[in-house]
Amino acid sequence: MGNFSSGAPARGFATIDFETTGLFAETTDRAIEVAVVHSDPDGTITGQWDTLINPQRDLGRQDIHRIAARDILNAPIFANIAGELLELLSGRVIVAHNASFDLRFLNGELGRLDYWPGEQFAYACTMRLARTHLGSGLALADCCDAFGIPLENAHRASADAYATAQLLEAFLASTSGAEWEPMLASAPILPAFSGDRAPWFAREHVATSAPGFLARIVVRVPDVAETHEQAEYLALVERCLLDRYLSEHEKNALVALAEKLGIGRDTAERLHRDYFVALARLAWADGVVTDEERGDLELVAALLSISDDLMTEVLSTPPAEPAVAIAVGEFLLAPGDEIVLTGEMTHPRSSWEDKLRDAGFTPKSAVTKRIALVVAADPDSLSGKARKARDYGIPIVGESWLEAFLSSR
């Protein structure tokens, strides 16, 4: 990421690329990543910047942009990057591949902030330039291939913007600089945006693997020893492990509850061990641990930071009765229970709703306190439905859990 300076804008180009939740900037879709690449009037690249953006809604087709909800939990909202973004664009010709798309999202996001630049942006579209120089309007990958420009990590804003800036440089080299002078001279100096600012948050800032939440529970001396508080904590552990996946929201909820109840790290570790042993006892109830049960225990062990030694021990011999009984329940859905789906799933929502009805459940479109379960395309979803479910304490599971659950019936 280049060094940013808020000095006088320099003439040249600002190539941009947005990754978005969908195609409709004027309605509900939002920007979730933006990149800017600066180039001199001759096309020489001089700097680049990029950030993820928290859209405060679900992320749409995650299989396209490969951004997960957990990736943007700590990213700034658009309002907090707008000031710096406008300074990066000020006085420059905006360039994009299929510029009408990126400009719609730029204008849409700025419009939500009641910001008007005062005049239209000066812009160039490399897709249109391709029609002149290559004979047809081509996809970015095809245009880059024609000039031998590498394009790796397509549908990542920084990669697409940098490749587009290189494409612009190739087009500039094949034309007269004088052709671009009127456009460069027309690029407006943009009014400042006075909103709050937050640091930009590139994909590189997302931890490759989030730290275990146990490390975030503080060490307490003395530690709480009240069984009803421990039972409340274990109840949340069990609910969070329902789909054998701990979302970042669930990790945060466990850390927050431990803090609220006065449960320190040592007690949390012991409770996790006791819960795991109780789960292992259930697996040993018929005298044998199946491959499926073993896989389940290994997954829970990883999620709860259970030691390899304890894992090996419970798989080799039935564990002894714990000193304090730990109840391990089974999540049950009753016929007629109401279930809400949220996010863009791998199967059409109508298909899932038909399968739920066939299984005796009632799909609903809105989250109320009567809802038994919310199924999300991404368990860390920021959709309104997911946020309300967390407020109500309703379990949220992923699509894979629903598929396995319905297949087992």
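Read the figures in this text as sums done on the coordinates, not as results from a lab. Computed from a predicted model, the values in this text were never measured in an experiment. So basically every Cβ, Gly included, is an ideal-geometry build from the backbone, and we count neighbours across all protein chains shown.
If the viscosity is 0.692 mPa s and the temperature 37 °C, what Stokes-Einstein diffusion coefficient in µm²/s follows for the stretch 213-316 when Rh is the Kirkwood radius over Cα pairs?
The calculation lands on 231 µm²/s.
Please compute the net charge surrounding Arg273, taking Lys and Arg as +1 and Asp and Glu as -1 over other residues with Cβ under 12 Å from its Cβ.
Net charge in that neighbourhood comes out at -4.
For the stretch 269-309, what is the largest minus smallest coordinate of the Cα atoms on each principal axis, given in angstrom and ordered from greatest to least?
Answer, in whole Å and largest first: 28, 16, 15 Å.
Can you give the longest stretch of the chain with no exposed loop site, where a site means GluC sites (Glu not before Pro) in a DSSP loop (not H, G, I, E or B) with at most 14 other C-beta atoms within 10 Å?
Here the longest run is 227-329.
Just to check, using Stokes-Einstein with a Kirkwood Rh over alpha carbon pairs, what's the diffusion coefficient of the stretch 13-205 at 10 °C and 1.306 mPa s in µm²/s?
Reported coefficient: 94 µm²/s.
How far is the Cα center of the stretch 15-75 from the Cα center of the stretch 266-322, in Å?
Each part reduced to its Cα centre gives a spacing of 42 Å.
Counting pairs of alpha carbon atoms under 8 Å apart in space and at least six apart in sequence, what relative contact order in percent does the stretch 125-182 give?
Answer for the stretch 125-182 is 27 percent.
Please arrange Lys369, Lys251 by counting, for each residue, the other beta carbons lying within 10 Å of its beta carbon, fewest first.
Lys369, Lys251
Listing Asp145, Asp358 from the residue with the fewest other Cβ atoms within 10 Å to the one with the most, what is the order?
With the fewest neighbours first, Asp145, Asp358 line up as Asp358, Asp145.
Under the definition of Cα pairs under 8 Å and six or more residues apart, what whole-number percent is the relative contact order of the chain?
15
For the chain, what is the charge dipole size about the Cα centre, in debye to the nearest 20, if Lys and Arg each add +1 at the Cβ and Asp and Glu each add -1 at the Cβ?
With Lys and Arg at +1 and Asp and Glu at -1, about 940 debye.
Can you put His205, His97 in order, fewest other beta carbons within 10 Å first?
Ordered from fewest to most neighbouring Cβ atoms within 10 Å, His205, His97 come out as His205, His97.
Cross-link list Lys260/Lys388; Lys260/Lys385; Lys260/Lys355: which exceed 28 angstrom alpha carbon to alpha carbon?
Too far apart for the 28 Å limit: Lys260/Lys355.
Could you check the simple spin-label distance between Thr132 and Leu310, using points 7 Å along Cα→Cβ, in nm with one decimal?
Label-label distance for Thr132 and Leu310, simple model: 6.8 nm.
Using alpha-carbon pairs under 8 Å, 6+ residues apart, how would you state the relative contact order of the stretch 13-205 in percent?
About 31 percent, as a whole number.
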